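What follows is a short report on a single structure.
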């Protein structure tokens, strides 16, 4: 009889542990949007938690909010990204107070500079800037060099979602990875596009389109299949919680073989074949 109850107790314990493990494995957490500047209001959604339990939400280990799981173990709660959050990837973690389940998702802080002096008012101020200030600006050092076909004069770079856009006297618009190409400090462009004459104007980026003027008295918008695919890939940063994604083709043409984390291939709207993706940042 003692052996019988002992066997039953062990069996019940094993089943309880297995059920708990399966439940924890099924839990998920997501953030929407997954990228943006500091003070972005995001929605954190979770599933697979214990019904009715309190779920603690932490941003980079600091308590941000708490939510309560519904009868199905799901929750949804808004979280304000701190004003002090520096550009880069940040961890938002959800922990069930009763179940002990912990799941996390990544939010990418981005402080874009989409045009000359950033805003239509041309005040040259980024309200989201929280890294460079008047005290430490004098200590900035060169991080990397972008290779172009001629001098850069007057053209001021635009930086959007981890990509730097700038024009050159060779009449081409260039795009570079804003994080450089470490370990090298001399970087090849992700892509470039030709105009009919020198570029002395500054690019502007709006709604996934790059605009640039040229000395041939024409204004160019960078569109077409290659760029449309590039911007569709750029939009996937929200899904993967990344700052910069590139395709296998761009990776090869930029001489970045061996760089980046390979991600599952994705289907791009308007294309029959899937695209191989790599996370660079």
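The values are calculated or read from the model by the stated rules, or taken from the named source; none is laboratory data. Computed from a predicted structure; not experimentally measured. All Cβ positions, even for glycine, are placed from backbone atoms using ideal geometry, and neighbour counts span all protein chains on display.
Scan the range 177-204 for residues that are at pLDDT below 90, closer than 15 Å to residue 112 by Cα and in a strand (DSSP E or B) and jot them down. Within the range 177-204, just 177 meets the criteria. Being surrounded by fewer than 19 Cβ atoms within 10 Å (Cβ to Cβ), more than 29 Å from residue 163 (Cβ to Cβ), out of contact with any strand residue (DSSP E or B) (no Cβ under 9 Å at 6 or more places or on another chain) and without any contact (Cβ under 8 Å) to a residue 24 or more places away in the chain is a property that holds for residue 71. Given the condition in a loop (DSSP other than H, G, I, E, B), modelled with pLDDT of 75 or more, outside the structural domain of residue 33 (by TED's automatic domain parsing) and more than 20 Å from residue 276 (Cα to Cα), answer yes or no: does some residue in the range 217-233 qualify? Yes. Here 197, 161, 136 are screened, and the one residue that is surrounded by 18 or more Cβ atoms within 10 Å (Cβ to Cβ) and either closer than 22 Å to residue 256 by Cα or out of contact with any strand residue (DSSP E or B) (no Cβ under 7 Å at 6 or more places or on another chain) (or both) is 161.
Could you tell me whether residue 166 is in the same structural domain as residue 237 (by TED's automatic domain parsing) and either part of a loop (DSSP other than H, G, I, E, B) or more than 28 Å from residue 255 (Cβ to Cβ) (or both)? Criteria not met by residue 166.
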